[in-house]
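**Q** The structure under discussion is supplied below as structure tokens; questions concerning it will follow.
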Amino acid sequence: MKKIIYIIRHGETELNKLGIVQGRGVDSELNDKGRDQADAFYRSYKHIPFDQIYTSSLKRTHQTVQKFIESTIPWTQYPGLDELGWGIHEGQESTEQIRSDFENITLNWRAGQLHHKFEHGESPLEVKERILIVLEKLTEENNDKNILICMHGRALRLFLCLLTNQPLTEMDTFPHSNTTLYKIGFDGKEFHILDFNNTNHLEYPLDQF
């Protein structure tokens, strides 16, 4: 059955604003700007007849799509959609050393060393395994035509690679910002990108809606 999947990253948190690493182990809330971004997305897409909402288990994703949830659309939390665990760097302010560590690990990932991870963290290969559980749900035969997914930046990149049959080494070809939208079509066999890194909903003042 054909489906359309709307995948967004969560709205801004105070830690995003401050450049502090979050990851799977930090369950932060949206800040005022993040709530405004969530409102803008809702106002732009509330006309879509969503059949299901999927979020990660972290509250910044729940809060981003809260108004959709409140409209009684069925909602499921999937830990498989949680952000990649950044291990010892989670909750840490950005320093020259941390920036260097992140640059080095992403270079390793692009070079195919996808088993690399920070201490107490997760590798892209480990995140892939839990995302595949959600991917199976998306390909099930059912009556769900429009699905809204809210998740996290690095996990989003990995998810898009899996959906579009791209190697995980290409994850950085999928840019993102807070509440960016990727719209994906599923024809019953394959996924296709219909809308790429769309933030048009953020371009208009809320009082214009």
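**Q** So which residues in segment 161-188 are surrounded by fewer than 18 Cβ atoms within 10 Å (Cβ to Cβ) and in a loop (DSSP other than H, G, I, E, B), if there are any at all?
**A** Within segment 161-188, Thr164, Asn165, Gln166, Pro167, Pro175, Ser177, Asp187, Gly188 qualify.
**Q** Restricting to helices (runs of 4 or more DSSP H) lying wholly in segment 55-136: which have 2 or more residues that are over 22 Å from Thr180 (Cα atoms)?
**A** The helices (runs of 4 or more DSSP H) meeting that bar are 96-110.
**Q** Could you list all residues from segment 29-39 that are more than 12 Å from Phe68 (Cα to Cα) and surrounded by 18 or more Cβ atoms within 10 Å (Cβ to Cβ)?
**A** Listed by number, the residues that qualify are Leu30, Asn31, Gly34, Gln37.
**Q** Restricting attention to segment 111-159, and to residues there that are surrounded by fewer than 20 Cβ atoms within 10 Å (Cβ to Cβ) and among the basic types (Lys, Arg), which single residue is modelled with the lowest pLDDT?
**A** Lys137
**Q** Out of the residues in segment 43-73 that are of a type in the set (Ser, Thr, Tyr), under 18 Å from the mean Cα position of the chain (by Cα) and surrounded by fewer than 20 Cβ atoms within 10 Å (Cβ to Cβ), state the one that is farthest from His115 (Cα to Cα).
**A** Tyr45
**Q** Determine, yes or no, whether Thr76 is closer than 30 Å to Lys2 by Cβ, in contact (Cβ under 8 Å) with a residue 24 or more places away in the chain, exposed (fewer than 14 other Cβ atoms within 10 Å of the Cβ) and touching a strand residue (DSSP E or B) at 6+ places or on another chain (Cβ under 8 Å).
**A** yes
**Q** Next question. Among Ile4, Ile48, which is in contact (Cβ under 8 Å) with a residue 40 or more places away in the chain and part of a strand (DSSP E or B)?
**A** Ile4
**Q** Also: Report, by residue number, each residue of segment 137-155 that is in a helix (DSSP H, G or I) and of a type in the set (A, V, I, L, M, F, W, C).
**A** Residues satisfying the conditions are Leu138, Ala155.
**Q** Here is a further query. Considering only segment 16-32, state which residues are touching a residue at least 24 places away in the same chain (Cβ under 8 Å) and either assigned to a helix (DSSP H, G or I) or over 28 Å from Glu96 (Cα atoms) (or both).
**A** So in segment 16-32, the residues touching a residue at least 24 places away in the same chain (Cβ under 8 Å) come out as 16, 18-30.
Residues satisfying the conditions are Asn16, Leu18.
**Q** Same structure, new question: Would you confirm whether any residue within segment 2-16 is basic (Lys, Arg) and either modelled with pLDDT under 95 or under 14 Å from the mean Cα position of the chain (by Cα) (or both)?
**A** Within segment 2-16, one or more residues are basic (Lys, Arg) and either modelled with pLDDT under 95 or under 14 Å from the mean Cα position of the chain (by Cα) (or both).
**Q** Please work out which one of (1) over 18 Å from Thr64 (Cα atoms); (2) at pLDDT 95 or above is the condition Ile98 fails and give its number.
**A** (2)
The values are calculated or read from the model by the stated rules, or taken from the named source; none is laboratory data. What you see is a predicted model; the values in this text were computed from it and never measured. As a convention, Cβ positions derive from the backbone with ideal geometry for all residues, glycine included, and neighbour counts pool all protein chains shown.
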